[in-house]
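**Q** Below you will find the structure I want to go over with you.
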Amino acid sequence: MADWVGKDTCILEIKQIVSGSALLYSVNQDVHTPFGYSYKSLCMQVLRNLFHKSWGEDAERILGEFNDFLENNAISISMELVDPMFGQNALITAVTENIKFYSTPDLLKFCRKWRLPTINVWQFSTRESASSFFAAYETISEEENASSIFQTLDMMADVSAKGYNDQGKVQNSQTKCFTAKIVSFESLKEMEAVLKKYPHPPSNKVSIEKESEEDDIGLPTTREVVHLPDKSFDEEKKTQFTDEQAGLHETKKLGIPHLIRIMKS
């Protein structure tokens, strides 16, 4: 792959792989998880937590604007909860608009604009830098600490793009794998333009790297929302229970697109 890189034609793009529970969210569509049943309230609760951490007192207003933006532009997002069984560290891993998937620069632009966490990305634009990555990969893959891995890649890459928060600190030893692909040289220019226009935003009120969300922002955690008291619940009862846990049952009559806009802290 390194031989294809350079001469202003192609670059090597490295992304971290996250493993967790996937959520697919669209304002006007049901949300589904790998467990097979709808979890609209879970996805909305995850978004509430993310926006309260990054936007503080403006969270509810910005969250309403975010959902309007998704609805008006037919956008769907894919989130990965990287802790076991609906953990707290959600990452945006993909965005689609109508039937088009966002490119990596567009994904980063989307996440930085809305202060949402996403995966880390590294780009190598020369044969020498790409070769250095593959030469160092065996050593990198044996490293136990994600922060050390990410720091090494930051030094080697021509462009290093982080999500809203430092996933090296958040995941600690959970990052083990990466994906590598060849993309056009234009992607490098687009990435540099995004990083210049949307510099890494500071945390507003609450540190994203803290584990205890209920202590930070006073909202139910995702585990609390999905912890079923009765394992025999059918899908209707599961959905009803998660709605109640997330505080959505009293607003159900208003319809899904309006739920997030009126939820109170």
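The values are calculated or read from the model by the stated rules, or taken from the named source; none is laboratory data. Model, not experiment: these values are computed from the prediction. Using ideal geometry, Cβ is built from the backbone for each residue, glycine included, and neighbour counts are taken over all protein chains shown.
**Q** If you go through the range 94-126, how many residues are in contact with a helix residue (DSSP H, G or I) (Cβ under 7 Å, 6 or more places away or on another chain), of a type in the set (K, R) and either farther than 18 Å from S187 by Cβ or surrounded by fewer than 16 Cβ atoms within 10 Å (Cβ to Cβ) (or both)?
**A** Matching residues across the range 94-126 total 1.
**Q** So which residues in the range 108-141 are over 30 Å from E65 (Cβ atoms) and under 25 Å from the mean Cα position of the chain (by Cα)? Write out each step before concluding.
**A** Start the filter on the range 108-141 by keeping residues that are over 30 Å from E65 (Cβ atoms), which leaves 122-141.
Matches in the range 108-141: W122, Q123, F124, F133, Y137, I140, S141.
**Q** Search the range 93-128 for residues being modelled with pLDDT of 90 or more and aliphatic (A, V, I, L, M), and hand back the single one that is nearest to K162 (Cα to Cα).
**A** V121
**Q** Okay, moving on. Return the residues of the range 102-133 that are farther than 22 Å from L47 by Cβ, touching a Leu at 6+ places or on another chain (Cβ under 7 Å) and among the polar types (S, T, N, Q); say none if nothing qualifies.
**A** Q123, S125
**Q** So, of the residues in the range 46-72 that are of a type in the set (D, E) and either at pLDDT below 90 or not in a helix (DSSP H, G or I) (or both), which turns out to be surrounded by the most Cβ atoms within 10 Å (Cβ to Cβ)? Steps first, please.
**A** The initial filter retains those residues of the range 46-72 that are of a type in the set (D, E), namely 57-58, 60, 65, 68, 71.
Subsequent filtering for residues that are either at pLDDT below 90 or not in a helix (DSSP H, G or I) (or both) retains 57, 60, 71.
Details: E57: 10, E60: 18, E71: 13.
The qualifying residue surrounded by the most Cβ atoms within 10 Å (Cβ to Cβ) is E60.
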